[in-house]
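Data first, discussion second: the structure below is written as structure tokens.
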Amino acid sequence: MAVKTLLSSQQSQHGETNIMSVSPRLHLNAFMRPVSIHTAWWRYPGSAPDANFDLQHLVSFAQTLERGCFDAFFMADHLAVLNMPVDALKRSATVTSFDPITLLPALSMVTRHIGLIGTASTTFESPYLIARRFASLDHISGGRAGWNLVTTSNPDAALNFGMKEQMPHGDRYRRGREFVDVVTGLWDSFADDAFLQDQESGIFFDPGRMHVLNHEGEFFSVRGPLNIARPVQGRPIVVQAGASDAGRQLAAETADMIFTVAQTRDDGRAFRADIHARMSAYGRDPEEMRILPAALVLVGDSVDDAHERRARLDSLVNTDSAMAALAIALGHDASTFDPDQPLADVPESNHSKSGRERAIALARRENLTVRQLAQRLGGYGGLSMIGTAKTIADEMEDWLANSACDGFTVMFPFLPQGLDDFVGKVVPELQRRGLLRSRYEGTTLRDHLGLPRPHNRFFG
């Protein structure tokens with residue numbers, strides 16, 4: 001497998017070391033904005049309902065994750081509030097939260113090791129500003145920055161940026177591909193040894209070690225160079241979440257890590273194999289990628305206890321929220337469907353294609369009515385691992401051993417208890433099995449993920 005490994009061994013009677021097995025190392029990425037993906041997390045007893053926008057809570061969560069040796073603290077983002085009916089919106093805890101690139105530098109000051117990944121849109125942002133912000137975060141954090149590249153499917157976001165409607169799907173991905181080329185080119189503006197800072201001669205940097213990008217493309221004209229030294233990691237980690245054909249291709253060509261959705265282990269194997277094949281066809285080594293499917297993980301004292309907690313959590317999802325979640329997933333007005341009948345054919349839209357396909361597949365696979373599908377999506381309809389520390393570790397190990405992933409993007413059911421349960425119970429079990437580090441062995445996010453520092457494309 002294309003992951004860093006730990007060797008399990010035992011001593012023979014002659015003192016020789018016999019390799020008994022090779023255990024792949026599990027990577028853990030914590031999904032932290034919103035602090036839980038489940039619609040009703042903030043209503044669960046003991047939850048901190050203001051956790052999305054309370055700095056002290058977020059500091060505590062980041063430090064807990066670091067104690068659990070997580071690779072990264074991952075912040076999703078959205079650029080619109082009015083993306084659902086008000087009756088559903090009034091029940092949503094995501095209407096207020098911090099901008100990722102504002103929060104992450106603050107968290108870098110109260111942590112030492114954990115990676116810090118923030119979302120920025122290629123549809124509405126400027127490549128120069130994104131390059132500068134994430135290079136700055138990488139320097140401030142000592143090499144722990146990651147950029148989650150999104151093309152933003154929500155049409156309501158377009159209205160906040162002077163557009164009457166969302167850019168077509170294909171255009172968004174072509175723009176995103178060019179965007180990455182510009183950003184990575186700007187990150188390589190200076191050679192690593194460009195800044196002499198020679199006080200005696202008065203020479204601060206060597207102009208011969210500076211590259212002017214002069215990019216002219218379909219969407220962007222950017223002169224450069226970037227006005228900041230090359231990032232500590234060479235380039236911050238690039239993360240991509242698209243699951244459509246265009247999204248997969250973009251990830252295969254540009255990303256270091258994929259945050260994806262896979263309902264089953266076989267889905268995960270097929271997705272990983274597809275990405276690796278695309279990478280090879282493009283000339284990239286599959287070992288340059290980490291694929292971390294999302295999993296909502298709820299830990300109980302017993303399997304029954306865990307399922308009782310999940311049932312209690314799901315019972316707190318209001319019907320308005322459930323139908324809004326279904327409409328967002330399908331990109332279509334859910335009120336046009338008979339709630340007590342199977343899901344009818346859903347027309348194409350300019351929304352997220354992968355989200356639409358996952359919702360339809362779930363409805364078909366489990367023969368759900370529209371009402372049942374809405375209730376599932378209103379809570380969380382993706383992969384869930386519900387059980388004890390042992391059963392959850394068993395499931396994670398099974399996915400890893402069967403080449404279905406390189407680890408997981410862990411979603412917590414409620415905060416802080418769900419996070420504390422995972423770090424206090426599941427993490428020690430994974431460490432006992434040799435699947436998870438017991439301490440950080442490097443200083444950068446690339447170190448944690450076992451990825452090399454990239455060469456500067458202009459200076460070798």
Seminar exercise, completed: Note on the stretch 23-81: residues among the hydrophobic types (A, V, I, L, M, F, W, C), open to solvent by less than 50 Å² (accessible area, probe 1.4 Å) and in a loop (DSSP other than H, G, I, E, B) are Leu26, Met32, Val35, Ala40, Ala48, Cys69, Phe70, Ala76, Ala80
Seminar exercise, completed: Inside the stretch 142-162, the number of residues satisfying the requirement of being without any contact (Cβ under 8 Å) to a residue 60 or more places away in the chain and farther than 20 Å from Ala246 by Cβ is 1
Exercise. Ser153 passes all but one of (1) of a type outside the set (A, V, I, L, M); (2) surrounded by 19 or more Cβ atoms within 10 Å (Cβ to Cβ); (3) within 28 Å of Arg453 (Cα to Cα); which number fails?
Worked result: (3)
Problem set entry | Which listed residue, of Gly162, Gly202, is open to solvent by 40 Å² or more (accessible area, probe 1.4 Å) and modelled with pLDDT under 95 | Gly162
Exercise. Filter the stretch 235-275 for residues that are out of contact with any Lys or Arg (no Cβ under 9 Å at 6 or more places or on another chain) and assigned to a helix (DSSP H, G or I); which is surrounded by the fewest Cβ atoms within 10 Å (Cβ to Cβ)?
Worked result: Asp266
For this session: Go through the stretch 279-305 and give me each residue that's open to solvent by less than 40 Å² (accessible area, probe 1.4 Å) and more than 16 Å from the chain's Cα centre (by Cα).
Result: Met279, Arg284, Pro286, Leu298, Val299, Gly300, Asp305
Exercise. Would the stretch 222-229 turn up any residue that is assigned to a strand (DSSP E or B) and in contact with a His (Cβ under 7 Å, 6 or more places away or on another chain)?
Worked result: yes
Problem set entry | Single residue of the stretch 113-124 satisfying the filter (in contact with a helix residue (DSSP H, G or I) (Cβ under 7 Å, 6 or more places away or on another chain) and more than 18 Å from Phe219 (Cβ to Cβ)) that is surrounded by the most Cβ atoms within 10 Å (Cβ to Cβ) | Gly115
Problem set entry | Selection within the stretch 125-140 - open to solvent by less than 10 Å² (accessible area, probe 1.4 Å) and either in a loop (DSSP other than H, G, I, E, B) or touching a residue at least 60 places away in the same chain (Cβ under 8 Å) (or both) | Pro127, Ala131, Phe134, Ala135, Leu137, Asp138
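The values are calculated or read from the model by the stated rules, or taken from the named source; none is laboratory data. Because the structure is a prediction, the values reported are computed rather than measured. Note: ideal-geometry Cβ built from the backbone for every residue, glycine included; neighbour counts use all protein chains shown. Surface accessibility is based on the protein's heavy atoms, side chains included, excluding ligands, DNA and RNA. Shrake-Rupley method; radii C 1.70, N 1.55, O 1.52, S 1.80 Å.
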